[in-house]
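Have a look at the structure below, then the notes.
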């Protein structure tokens, strides 16, 4: 436990410990005793706060999603042009990739370890649904003729960039994906103009 987290309430210390350990080492590798020790709380505190390790993992993923949504909303709020808003999501990814301790996508990592049909899998799915809805809304605002199709392509591009950054140590992956997103958007817009 760091001095910054020592003054937090027990529930927040548990979430901070879970975030650090689950993200760095994996949700199945890290036992509940490690989280409790890192958070410096009693085992009963974990169970009274979350009820189970699975619920703690879900809370960790929900908090990760909240942070992703907030970073994305904050950046998009500063951009007026719909086409620029669409590709700016890759700037958020670029910032994330360059954070100290980057270890890939918490949601991809969690889904690799989650049991089918578990609450963890559902939390990961909620993040995916949000991301695809975001891409669809941005594609629609950018006047793409088939926003759902472009959204799917952009989601694949986003996923590929984050995997490449993690597995290949390609710290330029998000910017390369942004350049490719511009091409996809241009092709989609050209298709709309040619169909008039």
| Looking at this structure, is residue 171 within 29 Å of residue 100 (Cβ to Cβ), within 19 Å of the chain's Cα centre (by Cα) and part of a helix (DSSP H, G or I)? | no
| query | Which residues, counting only those in the range 94-119, are farther than 15 Å from residue 162 by Cβ and buried (at least 21 other Cβ atoms within 10 Å of the Cβ)? | reply | 114
| message | Can you tell me which of (1) surrounded by fewer than 20 Cβ atoms within 10 Å (Cβ to Cβ); (2) part of a helix (DSSP H, G or I); (3) touching a helix residue (DSSP H, G or I) at 6+ places or on another chain (Cβ under 6 Å); (4) at pLDDT 95 or above is the one residue 5 doesn't meet? | response | (4)
| field | Of all residues making up the range 33-54, the number that are surrounded by fewer than 16 Cβ atoms within 10 Å (Cβ to Cβ) and assigned to a helix (DSSP H, G or I) | value | 7
| remark: Of the residues in the range 158-168, those that are assigned to a helix (DSSP H, G or I) and either in contact with a strand residue (DSSP E or B) (Cβ under 8 Å, 6 or more places away or on another chain) or without any contact (Cβ under 8 Å) to a residue 40 or more places away in the chain (or both) come to 160, 164
| note | Within the range 15-32, restricting to residues that are part of a helix (DSSP H, G or I) and over 14 Å from residue 64 (Cα atoms), the one that is nearest to the chain's Cα centre (by Cα) is 25
| task | From (1) exposed (fewer than 15 other Cβ atoms within 10 Å of the Cβ); (2) over 16 Å from the mean Cα position of the chain (by Cα); (3) touching a residue at least 60 places away in the same chain (Cβ under 8 Å), pick out the condition that doesn't hold for residue 142. | result | (1)
| field | Checking residue 105 against (1) closer than 17 Å to residue 64 by Cα; (2) without any contact (Cβ under 8 Å) to a residue 40 or more places away in the chain, the condition it does not meet | value | (2)
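The values are calculated or read from the model by the stated rules, or taken from the named source; none is laboratory data. Because the structure is predicted, anything quoted here is derived from the model rather than measured. Heads up, the Cβs are rebuilt from the backbone with ideal geometry, glycines too, and the neighbour counts pull from every protein chain shown.
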